[in-house]
Amino acid sequence: MTAIVGIVHKKRVHLGADSAGIAGLQIAVRADRKVFRNGPYVLGFTSSFRMGQLLRYAFQPPHPTGDLHAFMVTTWADAVRACLKEGGWARKDSEQEQAGTFLVGIQGRLFVVCDDYQVGEHADGYAAVGCGDDVALGALHATARLGLSPRERLTAALAAADHHSAGVTGPYSYASTPKP
């Protein structure tokens, strides 16, 4: 289900998302967006609309302090875990907690949060998650040096995933971190 794409451009993080809601072989075009701002953060989710709703409306993200990567891996990830657990969405399997996958942008950096709460940061300055991620990553790579605007690059990546993945459909939505 879905394609969430993100890029870092001029100290801001820009995200784009499709609108597909998938259940088996059914697809619904959802009106609720998969990308949004929550305070100084921008987030884009896949995996579950319930998880995304909790991240958007219930999650009170802590203010970043110190080394940003260390903060995201510890303080921030713990706050997300607590929110999802409180909201009844977090899962536990063989004593390991699991959630979903999403992108997070803050302070000009883009992070990928995996379903085991592992926080990664790609050196390329772009990332994608969801069933259309491989195609979207190819489009982001191909457009990296073309001088396109962030919105044009995100749209190209989403359109490529839309064209080649049955789990991705428009319309597309966008969100960015605040200007520094």
Exercise. Please identify the pairs in which a residue from region 4-28 that is in a strand (DSSP E or B) has its Cβ atom under 8 Å from the Cβ atom of a residue that is of a type in the set (Phe, Trp, Tyr) and surrounded by fewer than 18 Cβ atoms within 10 Å (Cβ to Cβ), counting only partners at least 6 apart or on another chain.
Key: 21/49
Quiz prompt | Positions within region 63-74 being under 16 Å from residue 113 (Cα atoms) and surrounded by fewer than 16 Cβ atoms within 10 Å (Cβ to Cβ), in sequence order | solution = 69, 70, 74
Exercise. Please tell me if residue 122 is free of Cβ contacts under 8 Å to residues at least 24 places away in the same chain and within 16 Å of residue 15 (Cβ to Cβ).
Key: yes
Quiz item: Of the conditions (1) without any contact (Cβ under 8 Å) to a residue 40 or more places away in the chain; (2) outside any helix (DSSP H, G or I), residue 80 fails just one. Which one is it?
Solution: (2)
Practice problem: Give 169, 155, 177 a once-over and let me know the one that is closer than 23 Å to residue 25 by Cα and either modelled with pLDDT of 95 or more or surrounded by 20 or more Cβ atoms within 10 Å (Cβ to Cβ) (or both). | Solution: 169
Self-check item: Matching residues in region 39-60 - criterion: being part of a strand (DSSP E or B) and touching a Leu at 6+ places or on another chain (Cβ under 7 Å)
Solution: 42, 43, 44, 45
Quiz item: Is there a residue being over 16 Å from the mean Cα position of the chain (by Cα) and of a type in the set (Gly, Ala, Ser) anywhere in region 91-111?
Solution: yes
Quiz item: When both residues are 6+ apart or on different chains and their Cβ atoms are under 6 Å apart, which pairs have a first residue that lies in region 86-98 and is part of a strand (DSSP E or B), and a second that is of a type in the set (S, T, N, Q)?
Solution: 91/98
Quiz item: Residues 81, 33: which one is under 15 Å from the mean Cα position of the chain (by Cα) and among the charged types (D, E, K, R)?
Solution: 33
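Name the residues in region 120-155 that are assigned to a strand (DSSP E or B) and over 19 Å from residue 175 (Cβ atoms), would you?
120, the sole residue that qualifies.
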Quiz item: Taking the condition part of a loop (DSSP other than H, G, I, E, B), modelled with pLDDT of 95 or more and under 25 Å from residue 53 (Cα atoms), does residue 104 pass?
Solution: no
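The values are calculated or read from the model by the stated rules, or taken from the named source; none is laboratory data. The model shown is predicted, which means the values in this text are computed figures rather than measured ones. Glycine gets a Cβ as well: all are built from the backbone with ideal geometry, and neighbour counts include every protein chain shown.
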